[in-house]
Amino acid sequence: MEALSEQQIHFIGIGGAGMAPLAEICLARGAAVSGSDLVENEKTRHLRRHGAAIAPPGHAAGNLPADAGLAVYSSAVTADNPELALARRRRLRCLRRGEFLGEIGRWYRRPVAISGAHGKTSITAQLSWIVRQVYGDGAGYLIGGALHDASAPASPAGNGDIFVTEGDESDGTHTCFRAAIGIVSNVDSDHAWSVGGVEALHRNFQTFAGRAGRLICLESALTARLFAGHPNRLVLRPERCEQLVAELGLAGKFAGFQAWNAGLALSAALELGIPPETAASALRDFPGVARRMTCHFESGALAVIEDYAHHPVELAASLAWLRQRYPAHHLRILFQPHRFARLQQYFGEFAEVLRRDCDSCLIAPVFAAWTESGPLDSRQLAEAIGGKAQAVSNDWPAVAARLLDEPARPLVIAVIGAGDVDGVLQWLPPGQ
């Protein structure tokens, strides 16, 4: 840990959800931090305010400091990136984000890593919240999302004991983390295209689990097969998670898939030696994660909800929760597909879920990540859904007007997606 204060570390893609917290940890440990990204955002502005040298938007070889000793790069960064190419020509140490995270995990005696296709940010945030309430600055953490209480997404604080973090399966770097406790929320085929196929994805999860001293996972036929050989595993049925949440008096706060997440977080807290009543008391005050079933406005006739769902399984779960919460409301969705590759992979499933589970929907343009185009787009998705769907532009004021136009009453407007679709919210109540 001490050696970090002597380093100059350059982050390529520093504004990303996983990169910015890593940079924040390095700053707090006394490292000199520099970085670049294609666009300026609140994360880069925050890092600049706290001492990071952030280059103007864009990537250029001149952004790499002459005295940099380590380059950390996002998996979205390609080999021809001028900063990464120069770092390699200089023979600097170059690590992907998850590889560097694995090294940070080795600073701690009891690192906990959460991986899975769905729910890992929520579980990480919940478990981090519990250990922070119990141990204060005695625990470190890294969350790939923002809490509603505006607390920092990462902290390297601690006595070298507990560190709670996400492990990213999308690039396979969760295999770099050696956890005292590993949590797998689920295994789905999402991101299989980026790691070499479904079998490669499954092998990566097996490697992640195999490197964990204790494995906690949600029961399914697939997790039963993949992790059957783990000698120290705790397998929780979804109903057991719901039961645990109810026994601890949290059923009113967490329901459905949210209760499964909370059950996994609570189970990990118990493994860390935290009494169940103490863990539940902490989680009772959990402020929630931004863009995860966030209620921005609610009156008798109108509710405005935001969610991060970007996979058909997540989308179906979100819509089921909304139906349960607002059974008498017209459910109107603004959905933004995230990545052309994902839309192509799950085109039929997205169309089926939206055709079946909402009353009307608008489909925003695909949020491009890693690739700028694909064979299928949002207009084709709207056509596949049928008459209840319309494709729209990303002119958010105009989209907001359409969401509110001739509204059925009572009405739920749900803004769903992991891209920039949240830009519409300032034009909807209460920001309208």
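The values are calculated or read from the model by the stated rules, or taken from the named source; none is laboratory data. In this text, all values refer to a predicted model and were calculated from it rather than measured experimentally. Backbone-built Cβ (ideal geometry, glycine too); neighbour counts: all protein chains shown. Remember, those area values only see protein heavy atoms, side chains included, never the ligands or the DNA or RNA. Shrake-Rupley method; radii C 1.70, N 1.55, O 1.52, S 1.80 Å.
Data for the structure
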{"read-out": "Subset of segment 256-300 that is at pLDDT below 95 and among the β-branched types (Val, Ile, Thr) - its residue that is farthest from His118 (Cα to Cα)", "value": "Thr294"}
{"read-out": "Residue list for segment 256-265, filter: surrounded by 18 or more Cβ atoms within 10 Å (Cβ to Cβ) and in contact (Cβ under 8 Å) with a residue 24 or more places away in the chain", "value": "Phe257, Gln258, Trp260, Asn261, Ala262, Gly263, Leu264, Ala265"}
{"read-out": "Positions within segment 266-290 being open to solvent by 30 Å² or more (accessible area, probe 1.4 Å) and not in a loop (DSSP other than H, G, I, E, B), in sequence order", "value": "Leu270, Glu271, Pro276, Glu277, Thr278, Ser281, Arg284"}
{"read-out": "Residue check for Asn186: of a type outside the set (Phe, Trp, Tyr), modelled with pLDDT under 95, touching a Ser or Thr at 6+ places or on another chain (Cβ under 7 Å) and part of a loop (DSSP other than H, G, I, E, B)", "value": "yes"}
{"read-out": "Segment 239-255: number of residues that are at pLDDT below 95 and either touching a Pro at 6+ places or on another chain (Cβ under 9 Å) or open to solvent by less than 60 Å² (accessible area, probe 1.4 Å) (or both)", "value": "3"}
{"read-out": "Search result, residues across segment 20-68 that are closer than 17 Å to Glu103 by Cα, open to solvent by 20 Å² or more (accessible area, probe 1.4 Å) and either in a helix (DSSP H, G or I) or touching a His at 6+ places or on another chain (Cβ under 8 Å) (or both)", "value": "Glu24, Leu27, Ala28"}
{"read-out": "Test: residue in segment 73-86 that is crowded, with 16+ Cβ neighbours inside 10 Å and more than 26 Å from Arg339 (Cβ to Cβ)", "value": "yes"}
{"read-out": "First in segment 395-423 and of a type in the set (D, E, K, R), second anywhere and crowded, with 17+ Cβ neighbours inside 10 Å, Cβ under 7 Å, 6 or more apart", "value": "Arg402/Leu362; Arg402/Val392; Asp420/Phe367; Asp422/Arg291; Asp422/Glu306; Asp422/Val415"}
{"read-out": "Number of positions in segment 80-118 that are among the β-branched types (Val, Ile, Thr) and either at pLDDT 95 or above or in contact with a helix residue (DSSP H, G or I) (Cβ under 6 Å, 6 or more places away or on another chain) (or both)", "value": "2"}
{"read-out": "Identity of the residue in segment 5-19, open to solvent by 10 Å² or more (accessible area, probe 1.4 Å) and in a helix (DSSP H, G or I), that ends up modelled with the highest pLDDT", "value": "Glu6"}
{"read-out": "Any chance Ala316 is part of a helix (DSSP H, G or I), within 22 Å of the chain's Cα centre (by Cα) and surrounded by fewer than 16 Cβ atoms within 10 Å (Cβ to Cβ)", "value": "no"}
{"read-out": "Within segment 156-183, tally of residues that are within 20 Å of Leu127 (Cα to Cα) and either modelled with pLDDT of 90 or more or open to solvent by less than 10 Å² (accessible area, probe 1.4 Å) (or both)", "value": "17"}
{"read-out": "Positions within segment 189-227 being part of a loop (DSSP other than H, G, I, E, B), closer than 18 Å to Glu314 by Cα and of a type outside the set (S, T, N, Q), in sequence order", "value": "Asp190, His191, Glu219"}
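Here's the yes/no breakdown for (1) open to solvent by less than 20 Å² (accessible area, probe 1.4 Å); (2) within 25 Å of Glu199 (Cα to Cα); (3) within 18 Å of the chain's Cα centre (by Cα); (4) among the hydroxyl-bearing types (Ser, Thr, Tyr):
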{"residue": "Gly98", "(1), (2), (3), (4)": "yes, yes, yes, no"}
{"residue": "Ile114", "(1), (2), (3), (4)": "yes, yes, yes, no"}
{"residue": "Ala139", "(1), (2), (3), (4)": "yes, no, no, no"}
{"residue": "Asp149", "(1), (2), (3), (4)": "no, no, yes, no"}
